[in-house]
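*Asks:* Got a structure here, written out as structure tokens. Questions coming.
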Amino acid sequence: MQNRQTNQIFNFDKFPNFEKDIDLKQRAWIEVKGKAIEANVRQLRTKLNKNCQFMAVVKADGYGHDAKVVSDYAIRGGASQLGVATLKEGIKLRSSGVKKPILILGNLYTKRDLIMCFKNDLMPTISSIRECFICNNIGKQFGLKFSLHLKVDTGMSRLGFEGNKFIQQYEKIKSFDNISIEGIYSHLSSADEENELDPKSITQLQRMKFNELLKQINLDRNNEIKIHLANSAGMLLNKDFHFHMVRVGLSMYGYSPLAKIEKNLLLKPALFLKVKVAFIRNIDSGVSVSYGGKFVSSRKTKLAVLSIGYADGVPRNLSGKINVLHKNKLYPQVGSITMDQMMVDITGSNEIKVGSTMVLLGSDGDKTISPLEWAKKSNTIPWEILCSFKNRLPRVQVD
Ligand SMILES: Cc1ncc(COP(=O)(O)O)c(C=O)c1O
């Protein structure tokens with residue numbers, strides 16, 4: 001082979017073929033503890049009545065954890081259904097061998113997408129009579145019933161039939177021969193806000209509206225149709241929100257969306273964000289660090305350069321606000337977080353070396369750094385932190 005820069009001829013056969021076996025932990029990576037997911041599902045299920053089903057919400061690649069790993073362990077913990085956002089996510093999960101019912105929580109509105117949904121044994125969320133007609137025609141074409149969930153809007157103003165229209169159109173929908181209504185559901189907009197147990201709160205009003213709609217359509221108690229309303233926060237509020245199934249994301253991954261939570265509910269974070277130290281340098285007092293010179297050392301400082309940045313999904317607005325863990329000790333991140341790297345003040349540490357592993361999220365020893373902390377400091381929500389991690393970070397399953 002010829003080197004393109006120098007035109008020298010190389011025989012690469014003499015070099016070991018490391019590319020064949022790329023080290024996933026070479027730079028920065030996410031460790032996923034499947035057993036934590038399994039334990040969380042088991043624990044959360046103890047809050048449900050015996051017949052109440054648990055849908056594991058694994059959209060956005062399992063909140064950034066790896067949807068297949070999360071699904072497998074959630075099923076081991078007792079999840080009986082899975083929820084994804086898109087057709088592509090559903091097809092990927094089906095083709096990876098997952099057998100449980102999968103509901104697409106986003107909206108499919110073209111015949112083409114609904115055919116793909118049907119062929120891949122996925123259930124769509126239906127929010128209009130027009131979509132019911134399409135599904136019924138598809139069912140007819142294949143001589144089968146198309147299984148789907150109907151969604152009603154109770155205050156989120158996103159997907160779902162309008163309440164009054166739903167009551168008017170339900171009889172018509174029931175009369176379609178090639179549709180099988182597997183579920184009727186709605187979604188809570190504010191259950192993670194405080195004071196949602198107040199009878200006048202948005203969440204309680206949504207629950208009442210949902211109950212009223214169900215009453216109006218005279219759902220037979222013995223009906224097989226699954227009624228569901230609660231996300232993690234709704235589920236943790238109380239049993240009035242449980243109905244036949246709960247759809248749980250955040251708390252299954254190990255984080256409570258509620259500020260106040262039962263002391264005996266011990267959720268285990270399943271995600272650990274780790275990084276290698278790529279370089280170490282010593283700077284004098286008065287030296288600026290990173291873009292914009294926002295940080296200037298006030299003493300002789302030892303810096304570790306970590307191989308992770310905002311292109312990996314660490315929010316840049318956390319610059320100078322977070323700590324990084326190494327063997328039970330916290331070290332402050334300093335200067336602007338750059339696209340691929342960030343600096344940490346490790347002054348006083350003789351243990352941290354080039355090639356050492358540091359922890360950005362998760363625990364090392366007794367200390368833990370949570371995405372909830374990052375979310376607060378970054379003025380966002382933990383869901384966004386988890387979903388922001390890019391594919392450049394390999395997901396490594398550890399158990
Ligand atoms: C329709 C629906 N149900 C359930 C969930 C799960 O929510 P959480 O992660 O708060 O449990 C989501 C997540 O956004 C959702 O969109």
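The values are calculated or read from the model by the stated rules, or taken from the named source; none is laboratory data. As the structure is a computational prediction, the values presented were derived from the model and not from experiment. Every residue, glycine among them, receives a Cβ derived from its backbone with ideal geometry; neighbour counts consider all protein chains shown.
*Asks:* Is it the case, given these coordinates, that Leu24 is hydrophobic (A, V, I, L, M, F, W, C), out of contact with any Cys (no Cβ under 9 Å at 6 or more places or on another chain) and modelled with pLDDT under 95?
*Replies:* On the way: hydrophobic (A, V, I, L, M, F, W, C): yes; out of contact with any Cys (no Cβ under 9 Å at 6 or more places or on another chain): yes; modelled with pLDDT under 95: yes.
Against the criterion (hydrophobic (A, V, I, L, M, F, W, C), out of contact with any Cys (no Cβ under 9 Å at 6 or more places or on another chain) and modelled with pLDDT under 95), Leu24 qualifies.
*Asks:* Then there's this: State yes or no: is Val324 assigned by TED's automatic domain parsing to the domain that holds Asn379, within 19 Å of Phe389 (Cα to Cα), in contact (Cβ under 8 Å) with a residue 24 or more places away in the chain and of a type in the set (Val, Ile, Thr)?
*Replies:* yes
*Asks:* Given the options Tyr253, Tyr291, name the one that is within 16 Å of the ligand (Cβ to nearest atom), among the aromatic types (Phe, Trp, Tyr) and out of contact with any Gly (no Cβ under 6 Å at 6 or more places or on another chain).
*Replies:* Values: Tyr291 fails: within 16 Å of the ligand (Cβ to nearest atom).
Among Tyr253, Tyr291, only Tyr253 is within 16 Å of the ligand (Cβ to nearest atom), among the aromatic types (Phe, Trp, Tyr) and out of contact with any Gly (no Cβ under 6 Å at 6 or more places or on another chain).
*Asks:* Continuing with the same structure: Of all residues in segment 28-49 being buried (at least 18 other Cβ atoms within 10 Å of the Cβ) and touching a Leu at 6+ places or on another chain (Cβ under 7 Å), which is nearest to Leu271 (Cα to Cα)?
*Replies:* Applying the filter and picking the extreme gives Val32.
*Asks:* For Asn137, work out the one condition from (1) surrounded by fewer than 21 Cβ atoms within 10 Å (Cβ to Cβ); (2) within 13 Å of the ligand (Cβ to nearest atom); (3) in a helix (DSSP H, G or I) it doesn't fulfil.
*Replies:* Only one criterion in (1) surrounded by fewer than 21 Cβ atoms within 10 Å (Cβ to Cβ); (2) within 13 Å of the ligand (Cβ to nearest atom); (3) in a helix (DSSP H, G or I) is unmet by Asn137, namely (2).
*Asks:* Scan segment 100-152 for residues that are in contact with a Cys (Cβ under 6 Å, 6 or more places away or on another chain) and not aliphatic (A, V, I, L, M) and jot them down.
*Replies:* Within segment 100-152, Pro124, Phe146 meet the criteria.
*Asks:* Could you please find all residues in segment 34-66 being touching a strand residue (DSSP E or B) at 6+ places or on another chain (Cβ under 7 Å) and either among the charged types (D, E, K, R) or in a helix (DSSP H, G or I) (or both)?
*Replies:* Gly34, Val41, Leu44, Arg45, Lys59, Asp66 - these are the residues of segment 34-66 that are touching a strand residue (DSSP E or B) at 6+ places or on another chain (Cβ under 7 Å) and either among the charged types (D, E, K, R) or in a helix (DSSP H, G or I) (or both).
*Asks:* Can you tell me how many residues in segment 174-207 are part of a loop (DSSP other than H, G, I, E, B) and either of a type in the set (Lys, Arg) or surrounded by 14 or more Cβ atoms within 10 Å (Cβ to Cβ) (or both)?
*Replies:* Keep residues of segment 174-207 that are part of a loop (DSSP other than H, G, I, E, B), which gives 176-178, 186-201.
If we keep only those that are either of a type in the set (Lys, Arg) or surrounded by 14 or more Cβ atoms within 10 Å (Cβ to Cβ) (or both) too, we end up with 176, 178, 186-193, 196, 200-201.
So the answer is 13.
*Asks:* Let me ask you something else. If you take the residues of segment 75-101 that are over 22 Å from Lys151 (Cβ atoms) and assigned to a helix (DSSP H, G or I), which of them is nearest to the ligand (Cβ to nearest atom)?
*Replies:* In the first step, residues of segment 75-101 are kept if they are over 22 Å from Lys151 (Cβ atoms); the result is 75-78, 92, 95-99.
Of the ones still in play, those that are also assigned to a helix (DSSP H, G or I) are 75-77, 92, 95.
On the way: Ile75: 17, Arg76: 19, Gly77: 15, Lys92: 18, Ser95: 23 Å.
Among those residues, the one meeting the criterion is Gly77.
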